[in-house]
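What follows draws every value from the coordinates through simple rules; no lab data is involved. Source: prediction; values computed, not measured. So basically every Cβ, Gly included, is an ideal-geometry build from the backbone, and we count neighbours across all protein chains shown.
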Amino acid sequence: MKITMEVNGESRTEDVEDRTLLVHFLRDTLGLTATNIGCDTTSCGACTVLLDGESVKSCTVLAAQAEGHRVTTLEGLGGNGELHPVQSAFREEHGLQCGFCTPGMIMASVSLLKENPKPNRQEVREALEGNLCRCTGYHNIVSAVMAASGQEVAG
Amino acid sequence: MIPVGFSYRRASTVDEALVLLTEHGDDAKLLAGGHSLLPLMKLRLATPEVVVDLAPLDELRYVRAEDGAVRIGALTRYRDLHTDPVLREHAPLVAHAAGVIGDPQVRHRGTIGGSLAHADPAGDLPAAILASDAVLVTRGPDGEREIPAAEFFVGPFTTPLEPDELLTEIRVPARAGIGWGFEKFTRRAIDWAIVGVAVVGDSVALINMGGSPLRAHATEEALSQGASRAEAAELAAQDTSPAEEPHASAEYRKHLARVLTARALASAAA
C-alpha cells in the first residue's frame, strides 16, 4: 500500500507492505536509524518517537496507522546544526553511558516536558517508566531532564 | 518480529466497521490503539487476515456526563481518560486506573474499548469497570445491546462480543464523592499486575485472581453485614483460583489479594 506521512517536517510517500511496523518504516525505508530497536515487545522504549507530538513506541504502531500524521524522530529534533535543548542537557549532564537507550529517552523526555513543563525528579522518573537503560544510568538522565526544564538539577 | 501478512483496512464510521466485520467475520480483527493486538500479531499468536483500523472513528472518542452516568466512547485513550475532568470527578476510579496502565507511551495509544474487548484477566481497566457496575454498549448488524460488566468478562480473553459486533460505549454510574481505591503489585513498573484490586464504595473487584476479573463477593458481603474493613479484606481470596506461575504461586497471589484489598479499602475510606 502507498502511505504518506510527515516525517521530521517533510512529507514522505512510500510503498510498504500492510504489515510494516513504523520503526521498520523509519529505519529501513527512510534510513532514519537514530530510532533503535531494543526489546521489540513494547517494553524498553528504545524505539520511542513522537506521533503528533506525543511519545509512542514505534515497534507497536503500524506504519499505516501513522498515515496522515506527523512523526518526529531524534533526527528531526534540532535544527540548523543546533542540538535541541533536551539533547544539549543530556550531553551537559552526561545523561548517557552506552547510548543505546538515549534516542528513546530523549524523545520520551520531550513528550514529558510538553505535558508537564516543570516536573520534579520523582515525576521525571515516573514519566520515563517506559524507557529502560541497561547501563542503569538513570540518575544523570533524570538530572538531564531537570536541566532541560530549566530547574535545579540537584537531587 | 513481524506479523504474518494481512490486509489493512480503515473504517471511518461505525457502520463501515460493521460492514467490514460482516464481510470478513472471524478472519477480521478490529484495531483500536493496537497495544494488545499488535504484540500478539508480532508473536504470531494472532494471525488475522484482515485488520480493520478504527482510528478515523472520531465519533467514538468522548467523555460526557449524562443521566447519572459517565458515557465514555470506546476509542477514548488512556491518557485522555486519566486527564478528563468529568471522569475524574464522577468516576475517579476509572480515571486513576487508566493513568497507571503500562507507561506514558502505551497510554498515548491504548483505548478503553480495546482493553475491555481484549478482556485480559491481568488488565487494570476491566476490574475498574467491573467494580463500577458499568454497562457496555455494543453495535452489531441487529442493532444495539447493553451488557452489564458482570456479564461481559466470561473467561480469559473471552467476552460475549460476536465476531460482527463492535463495542461502542461504556456507561459508568456517576459516583462523585464516593470513596475509591486502586492497588496493584507488579514486578517492574510497567508490568501487568501480579494481583490488583479496584474498590469503589463497598464494591471490590480483583485483577488476575482467575480467568477473568472477579468481584470479591465474600468481602462485599462481610462489609454489608458490618464487618470491619480488615476483617472483610481477609476474605478477599475466597472462591478464587489464581494461576500458579514461576514468579507468583497461587498461595502468594491469595496473600496479595488480602493485603491489597485491605489497602484499597483503607484508601476508599480515607
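Points to keep in mind about this one:
- Cβ-placed point charges (K, R +1; D, E -1), dipole of chain B about Cα centre in debye, nearest 20: 1060 debye
- Sorted on the mean count of surrounding Cβ atoms within 10 Å across their residues, most packed first, peptides A:22-32, B:162-172, B:6-16 read B:162-172, A:22-32, B:6-16.
- Listed values for the stretch B:100-116 are Karplus-derived 3J(HN,Hα) couplings in whole Hz (6.51 cos²θ - 1.76 cosθ + 1.60, θ = phi - 60°), namely 10, 7, x, 9, x, 5, 5, 5, 6, 10, x, 10, 5, x, x, 5, 5, and x replaces Gly and Pro.
- Residues whose amide H comes within less than 5 Å of that of B:Thr168, counting only those at least five positions distant or on another chain, are B:Val137, B:Thr138, B:Arg139 (H built at 1.01 Å from N in the peptide plane).
- Overall size of chain B from C-alpha positions, given as principal axis extents largest first: 55, 46, 33 Å.
- Per residue, the convex hull spanned by the alpha carbons of chain A comes to 101 Å³.
- Ellipticity estimate at 222 nm from DSSP helix runs (n ≥ 4, -39,500 (n - 2.57)) divided over chain B, nearest 500: -9000 deg cm²/dmol
- 3J(HN,Hα) from dihedral phi, the stretch B:240-248, Karplus parametrisation 6.51/-1.76/1.60, rounded to Hz, x for glycine, proline: 10, 9, x, 5, 9, 9, x, 9, 7
- Partner shielding of B:93-105 amounts to 4, given as the average count of beta-carbon atoms from other chains within 10 Å of each residue beta-carbon.
- For A:Leu62, the residues whose amide H sits under 5 Å from its own are A:Leu22, ignoring neighbours fewer than 5 places away on the same chain, with H placed 1.01 Å from N.
- Once the C-beta distance of A:Glu123 and B:Asp142 is scaled by a Förster radius of 41 Å, the resulting FRET efficiency is 0.30 to the nearest 0.05.
- The mean number of Cβ atoms from other chains found within 10 Å of a Cβ in peptide B:25-36 is 2, as a whole number.
- Test item: Cα-centred dipole of the protein assembly as shown, Lys/Arg +1 and Asp/Glu -1 on Cβ, debye: 1220 debye
- For A:Asn120, neighbours were defined as the other residues whose beta-carbon sits under 12 Å from its Cβ, and their charges (Lys and Arg +1, Asp and Glu -1) total 0.
- Partner lysines for B:Lys254 [C-alpha distance under 22 Å; skip if fewer than 8 residues away on the same chain]: B:Lys184
- Note on the protein assembly as shown: Rg/Rh from C-alpha atoms, Kirkwood Rh, equals 0.98.
- Beyond 17 Å, the tail of the calculated P(r) for the stretch A:66-155 holds 45 percent of the Cα pairs.
- Cα convex hull, the stretch B:110-178: 88 Å³ per residue, rounded to a whole number.
- Virtual spin-label span in nm between A:Asn116 and A:Gln97, 7 Å along Cα→Cβ: 2.5 nm
- Mean partner shielding of peptide B:37-47, defined as the number of other chain Cβ atoms within 10 Å of each residue Cβ, is 2.
- For B:Ala150 and B:Ala250, a Förster radius of 30 Å and the Cβ-Cβ distance give a FRET efficiency of 0.80, rounded to the nearest 0.05.
- Amide H contacts of B:Ala69: B:Ala174, each under 5 Å away and 5 or more positions distant or on a separate chain (H built 1.01 Å from N in the peptide plane; Pro and chain starts excluded).
- In sequence order, calculated HN-Hα J values of the stretch A:11-21 (Karplus, 6.51, -1.76, 1.60; Hz; x Gly/Pro): 6, 10, 10, 9, 8, 9, 5, 4, 7, 5, 7
- Distance from the stretch A:40-57 to the stretch B:193-214 (C-alpha centre basis), Å: 29 Å
- Taking 10 °C and 1.306 mPa s as conditions, the stretch B:1-144 diffuses translationally at an estimated 100 µm²/s according to Stokes-Einstein applied to its Kirkwood radius (Cα pairs).
- A:Glu17 paired with A:Ile37, simple spin-label distance in nm, labels 7 Å along Cα-to-beta-carbon: 1.1 nm
- 4 °C / 1.567 mPa s Stokes-Einstein diffusion coefficient of the stretch A:110-155, Kirkwood radius on C-alpha pairs, µm²/s: 122 µm²/s
- Contact order normalised by residue count of chain B, Cα under 8 Å, 6+ apart, percent: 16 percent
- In this simple spin-label approximation, B:Glu66 and B:Arg44 carry label points 7 Å from Cα along the Cα→Cβ vector, and these lie 4.5 nm apart.
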